[in-house]
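The values are calculated or read from the model by the stated rules, or taken from the named source; none is laboratory data. Note that the structure is predicted; figures quoted are calculated from it, not measured. Glycine gets a Cβ as well: all are built from the backbone with ideal geometry, and neighbour counts include every protein chain shown.
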């Protein structure tokens, strides 16, 4: 068959691995897994006569690269094989020497940038958090191991080490002073899920054949969900209506009211732009969010935004600008801590604004 998009899309999941080769370019093929995953390959022989060896080189995953891109790569690999060069052997040498630390570095500048499922560009704050998680836990525990040598037991061991606090430490950070790296079951669960994603990136990049983290049993995330009672809402409103105790307390109070009234995520309100506020229809039209583009009804939150509009500059991008620099406000955790400490609201701090983990 001719390996073009239309034909490849029509291939159904086989019962076992299926190999299909292009009618026009000898050696250019497609491997189809029972899961439906489709990978372009180049198959060739090195040497002549009975001593020649058949080799197979992974060109890329269908969907990550196009059929035309794979065909171009296949021509190069096959041409080199004709001259006696073994591209697969060169790749295997790199595989055998590639460490987990090197994989993290490669993933940090490439794989971490986009959502693996949708391909949408991720927010920089989320990228930074994941990179920090990998560097704080995975790198010190297993960074010197080669990626190819990893087995499921190694991943399970890392999970246990993080859960028992073996990766716990304190180190000096560039921006925020001392960074406290903690362990525990929750951190172990988040880290191993991230490590599995990094290893899937390695599979897509042709570094390894399969992901050794698949099937690892993880503890539940432990997330809690609770709604404020009418009494708690009344108490919260009284606290937020009190005079601001600092230059940023008023901004924090407005953000908290919006969180309560809209049900939006903290990052969606802190990073809200005026271009995303639609006063005519009473809604927020978020350009990006954790789940993509999103519409959030304003309802009773509209007056708070109207009041915010009165004192912000007409050419200001952010609804809640930072006091310094050109970014948006991000001091909610600190201000909420002050509210909670002084007004005995600690019992439901997590409901409004749980401080993000520093890993």
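Observations, loosely collected:
- The set of residues in the stretch 88-111 being in contact with a helix residue (DSSP H, G or I) (Cβ under 7 Å, 6 or more places away or on another chain) and in contact (Cβ under 8 Å) with a residue 60 or more places away in the chain consists of 95, 98, 103, 104, 107, 111.
- Some residue of the stretch 12-20 being in the same structural domain as residue 87 (by TED's automatic domain parsing) and closer than 19 Å to residue 75 by Cα: yes
- Qualifying residue in the stretch 276-285 (condition: closer than 22 Å to residue 331 by Cα, in a strand (DSSP E or B) and without any contact (Cβ under 8 Å) to a residue 40 or more places away in the chain): yes
- Test set (1) loosely packed, with under 13 Cβ neighbours inside 10 Å; (2) at pLDDT 80 or above - residue 252 fails condition number: (1)
- Qualifying residue in the stretch 73-87 (condition: in contact (Cβ under 8 Å) with a residue 24 or more places away in the chain, under 20 Å from residue 201 (Cβ atoms) and surrounded by fewer than 16 Cβ atoms within 10 Å (Cβ to Cβ)): no
- Test: residue 266 is modelled with pLDDT under 85 and within 24 Å of residue 115 (Cβ to Cβ): yes
- From 70, 10, residue being out of contact with any helix residue (DSSP H, G or I) (no Cβ under 9 Å at 6 or more places or on another chain) and surrounded by 19 or more Cβ atoms within 10 Å (Cβ to Cβ): 70
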